[in-house]
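The block underneath contains the structure these notes are about, expressed in structure tokens.
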Amino acid sequence: MGASLPSKEANLFKLIVKSYETKQYKKGLRAADTILKKFPDHGETLSMKGLTLNCMDRKSEAYELVRLGLKNDLKSHVCWHVYGLLYRSDREYREAIKCYRNALRIDPDNIEILRDLSLLQAQMRDLTGFVETRQQLLTLKPNHRMNWIGFAVSHHLNSNALKAVEILEAYEGTLDDDFPPDNERCEHGEMLLYKISLLEESGSIERAIDELHKKEPKIVDKLAYKEQEVSLLVKLGRFEEGATLFRALLSMNPDNYRYYEGLQKCVGLYSEKGHYSPDQIEQLDSLYTSLRQQYNWSSAVKRIPLDFLQGDRFREAADNYIRPLLTKGVPSLFSDLSPLYDHPGKAEILEQLIIELEHAIRTTGRYPGRADKEPPSTLMWALFLLAQHYDRRGQYDVALSKINEAIEHTPTVIDLYSAKLYDSPSKSTTEEDNDMSKLLPSQKKKMRQKQRKAEARAKKEAEGKNEESNASSVSKTGKRNVKPVDPDPHGEKLLQVEDPLSEATKYLKLLQKNSPHSLETHLLSFEVNVRKQKVLLAFQAVKQLLRLNAEHPDTHCCLIKFFHKVDSMAAPVTDAEKVIWSVLEAERPAISQLQEKSLIEANQIFLEKHQDSLMHRAAVAELLYALQPDKNPEAVKLVEESKNNLVSRSGALGPVGEWTLKDCIRVHRLLETVLLDQNAALRWKEQCAKCFPYSTYFEGRLSSAMPNSVYNQIKNPENGSANHSVGGTADSLASNGKLEAFKDLTI
């Protein structure tokens, strides 16, 4: 590295590398420019300067310099390695691997390049190549423990757990009897636990537990030891020993939910779906009552019974659980309770309970049946919990009134503003300033920090979590530690690509691989393949939609639209067209919705089955217009005659309308842009403005979009915004696309 340079310039080249590693990029550029003044064609210096510029977000210059450096010195492993690092920073992993391989042809034993190559092979799931590269690293450096472990991991990923065990045992055979020394005991113990987990994974349970007991003195992490032991005992069916060990683990950490789950399995009282018979509920209640007496300070032992208790016993347990947390002021209480809303009847019980607690605290300052007076903050937290409850149940006006009341009660609690800002649609900076006008300067600063952290968190989730650990530097210079920042967080550059459908296909493949059971995945597949004129792939998406949810309105839309276009196609001419046509003719009779029915009849039958649902009626109306354009008035009428049926709830506020804001926005856009009836769209907007008075989209009378609304006339700015539109999210809801997408569909 830095070869063919005089001593002074060679030292400057080392400074470039060091500056790159320590992120002192300007210093590195100065050193590179100094060398290039004397040696303007030095390939390795040009490449390192390009790599440095890449970290300063000057990508075009970076690629130009690295390619020039490579052109000037094609036989330099440094130039090829740098080129690979540049590709890797742009997530072009296959190109990076090619560059690494070229570098290794020049310097086949370069440890750093081999390590970088192995990381990308694992990333790209080239597991055979990963095994070969890790074996080469082990051959070059057999005295490094990490090379043995890396070789074992490569076989583990390649579905050969027993071979990984053999490698680790071979490594143990190279050690002295008194190994490890004190400063390596933790690392060695972790390796032993990893080996035992491999034995467990391979099905050698008896051998694994024998090895665990044999190596106990050398395993430092006694908690992990016990957890591994109990896992093996359960798999061996030794439930009595497992139950004893789980109770020992609970004495160490009575708030670990996995220990309670394991104990339930050992005593035969566990159900994956959470369904229990009355006898099982009795036994579970008895079990947790005894555990509660042992660990009365534990939150988990009080929370878990809420999942299986029913009726009055659930209410009593929930009451005992919620009261101390309201007194203490736990902002995450609602998040903790929210899974219970999926259990039939429990949301109503919680609503009655929280209202009762809030009313008692408001009127008497005490909980019902208690003599001790509660601190003033308890009322504020009860209002906060009620606001979140009503928001979850779609009663947004009540939710906003409760959160405003909580803010008026205690205007200096940041969590109240967080709930209001994040649960509501985006607001202008002025509105947010009004919302937080009663906060102290230090609290305002903290609030802004929370907002910035939320935005940063969203960006970080999109980045590769292992980028930092995978990053390494060039040649023999140590690890690179540069985490890339998303250069296009809002997707603006993505929209400017030359071939959007090709880019969309890349993301679609990821969805199909990682979320194959999601309706949205196959809706997107249908849209993309229709636009790409991939008829059979579009039909495959339709079949997947029918398999997942044949009665969903979007599924019905895709089915009818697809065959409507197929019916309007010209007769096939080429052999390929004839094959596609024969496939569709063979498959169509197998679709029950279309058996011995025309598309118009199938659409009418679908309406009769779902005539009380807004979105089903909207889907039928869209298809009615597509199948019979002269029936546009009937299609509009079909939408406008939809009824906002009341959904009965046992809560204090009684029944509420079943329409949701996002569905109403979709229907408005259907009337406006597909059915092309502006008057109907205006009438729909006026109707929805009454249903959703806080909606800025429909300009409800209480929304911030209306100049004379209560919101804009409010004198106490701490009450904040009362709107609840869905903003930009509605665009993503129109997953069916437009009928125009089919116009150019040909075979």
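Worth a mention:
- Restricting attention to the range 498-523, the residues that are more than 18 Å from the chain's Cα centre (by Cα) and in contact (Cβ under 8 Å) with a residue 60 or more places away in the chain add up to 1.
- Residue match in the range 210-222 (condition: within 29 Å of residue 301 (Cβ to Cβ), part of a helix (DSSP H, G or I), free of Cβ contacts under 8 Å to residues at least 60 places away in the same chain and open to solvent by 30 Å² or more (accessible area, probe 1.4 Å)): yes
So that you can scan it fast, the table gives a plain yes or no per residue for (1) part of a helix (DSSP H, G or I); (2) farther than 30 Å from residue 261 by Cβ:
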site	(1), (2)
316	yes, no
335	yes, no
338	yes, no
341	yes, no
351	yes, no
386	yes, yes
394	no, yes
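- Candidate set from the range 342-376 (those that are surrounded by 17 or more Cβ atoms within 10 Å (Cβ to Cβ) and among the charged types (D, E, K, R)); member that is nearest to the chain's Cα centre (by Cα): 346
- Taken over the range 377-397, the criterion of being farther than 18 Å from residue 333 by Cα and open to solvent by 30 Å² or more (accessible area, probe 1.4 Å) is satisfied by 394, 396, 397.
- Sole residue being assigned to a loop (DSSP other than H, G, I, E, B) and not polar (S, T, N, Q), chosen from 324, 331: 331
- A single entry from 595, 540 fulfils the requirement of being modelled with pLDDT of 90 or more and open to solvent by 20 Å² or more (accessible area, probe 1.4 Å): 540.
- Single condition residue 572 does not satisfy, out of (1) under 21 Å from residue 623 (Cα atoms); (2) assigned to a loop (DSSP other than H, G, I, E, B): (1)
- The criterion of at least 1 residues that are more than 30 Å from residue 147 (Cα to Cα) is met, among helices (runs of 4 or more DSSP H) falling completely within the range 1-112, by 7-21, 25-38, 43-55, 59-72.
- Helices (runs of 4 or more DSSP H) within the range 126-208 that include 2 or more residues open to solvent by 40 Å² or more (accessible area, probe 1.4 Å), in contact (Cβ under 8 Å) with a residue 60 or more places away in the chain and under 20 Å from residue 223 (Cα atoms): none
- Those helices (runs of 4 or more DSSP H) of the range 604-696 in which 2 or more residues are more than 23 Å from residue 550 (Cβ to Cβ) and under 33 Å from the mean Cα position of the chain (by Cα) occupy 661-669, 678-691.
- Test result for residue 241, at pLDDT 95 or above, open to solvent by less than 70 Å² (accessible area, probe 1.4 Å), among the acidic types (Asp, Glu) and touching a helix residue (DSSP H, G or I) at 6+ places or on another chain (Cβ under 7 Å): no
- Members of the range 23-33 that are open to solvent by 70 Å² or more (accessible area, probe 1.4 Å) and either modelled with pLDDT of 95 or more or more than 16 Å from residue 85 (Cβ to Cβ) (or both): 24, 26, 27, 30
- The range 34-54, subset farther than 14 Å from residue 84 by Cα and charged (D, E, K, R), residue most open to solvent (accessible area, probe 1.4 Å): 37
- Residues that are within 18 Å of residue 246 (Cα to Cα), under 35 Å from the mean Cα position of the chain (by Cα) and not in a loop (DSSP other than H, G, I, E, B), drawn from the range 293-304: 300, 301, 302
- Residue under evaluation residue 641, criteria (1) over 30 Å from residue 689 (Cβ atoms); (2) open to solvent by 60 Å² or more (accessible area, probe 1.4 Å), criterion not met: (1)
- Output for the range 68-117, where each listed residue is touching a helix residue (DSSP H, G or I) at 6+ places or on another chain (Cβ under 7 Å), among the charged types (D, E, K, R) and open to solvent by less than 30 Å² (accessible area, probe 1.4 Å): 88, 116
- Qualifying residue in the range 45-55 (condition: touching a helix residue (DSSP H, G or I) at 6+ places or on another chain (Cβ under 9 Å) and farther than 30 Å from residue 488 by Cβ): yes
- When residue 65 is tested against (1) without any contact (Cβ under 8 Å) to a residue 24 or more places away in the chain; (2) open to solvent by less than 60 Å² (accessible area, probe 1.4 Å); (3) farther than 27 Å from residue 26 by Cβ, only condition (3) is not met.
- Test set (1) aromatic (Phe, Trp, Tyr); (2) open to solvent by 10 Å² or more (accessible area, probe 1.4 Å); (3) without any contact (Cβ under 8 Å) to a residue 40 or more places away in the chain - residue 692 fails condition number: (3)
- Where a residue in the range 405-416 is in contact (Cβ under 8 Å) with a residue 40 or more places away in the chain and farther than 18 Å from residue 359 by Cα and its partner, wherever it lies, is of a type outside the set (S, T, N, Q) and open to solvent by 60 Å² or more (accessible area, probe 1.4 Å), with Cβ under 7 Å and at least six apart: 411/438
- Of the helices (runs of 4 or more DSSP H) entirely within the range 503-569, those holding at least 3 residues that are touching a Ser or Thr at 6+ places or on another chain (Cβ under 8 Å) occupy 519-531, 535-549.
- Members of the range 245-268 found to be open to solvent by 90 Å² or more (accessible area, probe 1.4 Å), within 20 Å of residue 289 (Cβ to Cβ) and either β-branched (Val, Ile, Thr) or within 32 Å of the chain's Cα centre (by Cα) (or both), listed by number: 257
- Some residue of the range 76-90 being under 37 Å from the mean Cα position of the chain (by Cα) and among the charged types (D, E, K, R): yes
- Filter result for residue 382 (outside any loop (DSSP other than H, G, I, E, B), at pLDDT 90 or above and not β-branched (Val, Ile, Thr)): yes
The values are calculated or read from the model by the stated rules, or taken from the named source; none is laboratory data. Keep in mind the model is a prediction, meaning the values are calculated, not measured. No Cβ is skipped: glycine too gets one built from the backbone with ideal geometry, and neighbour counts run over all protein chains shown. Side chains included, ligands, DNA and RNA excluded: accessible areas come from the protein's heavy atoms. Shrake-Rupley method; radii C 1.70, N 1.55, O 1.52, S 1.80 Å.
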